[in-house]
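Right, one structure below, let's go through it.
The values are calculated or read from the model by the stated rules, or taken from the named source; none is laboratory data. Being a predicted model, the structure only gives us computed values, none of them experimental. Cβ atoms come from the backbone with ideal geometry, glycine included; neighbour counts cover every protein chain shown.
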Amino acid sequence: MPGSLLNERGRVLVEFVEVRQTDAPPRPAGSISSTSWIVLVVVALFVAVVLPRLRRRKDGPQEMLGTFGASAGGAREELERLLTEIQDLSREHIARLDTKIRMLNQLLLEVDQKKRELEDLLARTGGALPAPGQLSPTPPPQKPQNPLHSQVYTLQDSGKELLDICAATGLEKGEVELILGLRQMPKN
């Protein structure tokens, strides 16, 4: 539409200039009247100022008030993706921390049991430490094995994969790996 306006206005201006020139007395060749200069300046200003604004309105984004356009939609999707990723990572870290807490609690129970065994041994010896040669060569009493550890060992011995063991016991992958690693540690 701006192009058709320009064509019509340009034609009107050209006709106006032609009419003004035919009404005016003849001028020497190569001279331009002052009104022609004014018309040329007005046309140049119209082309330089008004037409770009009309094109911007026509070509520019037609957004509703209160919306942010397509570029904001992409940013919103990116933010939602990042939020989901952060939530997944936090769940994973919480699971790892829970696993470590369970392991530490198990170690605390074992330490408490060893402490009780040592206190019993000290009580039997009368509070004094026996001489190194006086200690009996009898093997230390077998510590009761954790039933969960026994279940993990049994599942591994039956040929189950790590993830199958996790599913059967309800333990995390790291916990099962730790239990299986404890089995392979040399006994002191």
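Return the only residue of Val39, Val49 being at pLDDT 65 or above and in contact with a Leu (Cβ under 9 Å, 6 or more places away or on another chain).
Values: Val49 fails: in contact with a Leu (Cβ under 9 Å, 6 or more places away or on another chain).
Matching residue, one of Val39, Val49: Val39.
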For this session: Consider Ile94 carefully, then state whether it is at pLDDT 90 or above and either under 18 Å from Leu182 (Cβ atoms) or among the aromatic types (Phe, Trp, Tyr) (or both).
Result: no
Problem set entry | Failed item in (1) outside the structural domain of Leu178 (by TED's automatic domain parsing); (2) at pLDDT 85 or above, with Ser136 passing the rest | (2)
For this session: Output yes when any residue across segment 63-81 is touching a helix residue (DSSP H, G or I) at 6+ places or on another chain (Cβ under 6 Å), farther than 30 Å from Glu172 by Cα, in a loop (DSSP other than H, G, I, E, B) and modelled with pLDDT under 75, and no when none is.
Result: yes
Seminar exercise, completed: Sole miss for Gly181 among (1) under 46 Å from the mean Cα position of the chain (by Cα); (2) at pLDDT below 90; (3) surrounded by 10 or more Cβ atoms within 10 Å (Cβ to Cβ) is condition (3)
